[in-house]
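Some notes on the structure that comes next.
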Amino acid sequence: SVSQSRYTTKYFPETRQDMVNSPLLTWLTDTLIEHMRIRFGFFEKAGPNYVAGLSSGARGAVLVALAKPDVFQKGIAFSGDYDNSLLASDKVMINFYGPYHQFKTRWLEEANPAAHAKELKTAFYFIHGTADQVVLYNNSELFYELLKKNSDDVPHQLKLVPGKGHTYEFWDSQVDDAISFLQKR
């Protein structure tokens, strides 16, 4: 199922068998986006094209933007995780990559937005609630700081919202601000 995708480019011998059918990042970038371009004419012109996601989908949005830097001009990332090393005890990650202590290099390099922060040319608006107990807000905060340090010329933004958690009610309350970010020139 898509909810189990880790947005990697490959499966591993340690990937749990029921996760082997999860879509890979390459399915999104090489199959879906190409199909939408060929069949419907999407992404034919320079833009504006946007990418967005929430929770692990926010991480996926960043990885899609990294893989398709000429396609997406801006992105929205709600309550995401961006550094695999912060997820060393996450069961879904372990079931996909294998244990962190055994496969540290894999965890740090494969589909890890933090490892590719210097390459992110798509401007992102990161939104995270400070009371999020599913994906701690420091995931967005640390990634944003890494981006600021490594890509001064890309106008990323971060919004931390006090007292808000990992809920659709919270994300829905942020849509107007997200759209405003997309509409800014």
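The values are calculated or read from the model by the stated rules, or taken from the named source; none is laboratory data. Being a predicted model, the structure only gives us computed values, none of them experimental. Note that we place each Cβ from the backbone using ideal geometry, even for glycine, and neighbour counts take in every protein chain shown. Note: areas computed on protein heavy atoms with side chains; ligands, DNA, RNA excluded. Shrake-Rupley method; radii C 1.70, N 1.55, O 1.52, S 1.80 Å.
Here are the numbers:
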quantity	calculated
Mean Cα-pair separation over length for segment 32-185, i.e. relative contact order, pairs under 8 Å, 6 or more apart, %	21
Integer Hz, Karplus 6.51/-1.76/1.60 couplings in order for segment 108-116, x for Gly and Pro	7, 10, 7, 6, 10, x, 4, 6, 10
Residue-span extension gain [Ser151 to His101] - 0.36 nm each, minus C-alpha spacing	15.0 nm
Among His35, His166, His101: highest mean-square fluctuation, GNM of the chain, C-alpha pairs under 10 Å	His101
Leu142/Ile38 FRET efficiency (R0 45 Å; Cβ-Cβ; nearest 0.05)	0.75
Relative counts (whole %) of C-alpha pair distances in segment 123-185, using bins that are 5 Å wide	4, 18, 27, 22, 19, 9, 2
Fraction of accessible area attributable to carbon and sulfur, the chain (%, probe 1.4 Å)	53
Hull shadow area, averaged, the chain [alpha-carbon convex hull, nm²]	10.6
Fully extended contour minus Cα-Cα distance, from Val134 to Lys10, at 0.36 nm per residue	42.1 nm
Stretch gain in nm, segment Ser180-Leu108, where the contour uses 0.36 nm per residue and the Cα spacing is subtracted	22.6 nm
Set of lysines with alpha-carbon distance to Lys118 below 24 Å, sequence-local pairs under 8 removed	Lys10, Lys68, Lys74, Lys104, Lys148, Lys149, Lys159, Lys184
Amide H contacts under 5 Å for Leu158, placed H, 5+ residues apart	Phe126
Stokes-Einstein diffusion coefficient of segment 3-101, Kirkwood radius over Cα pairs, 20 °C, 1.002 mPa s, in µm²/s	149
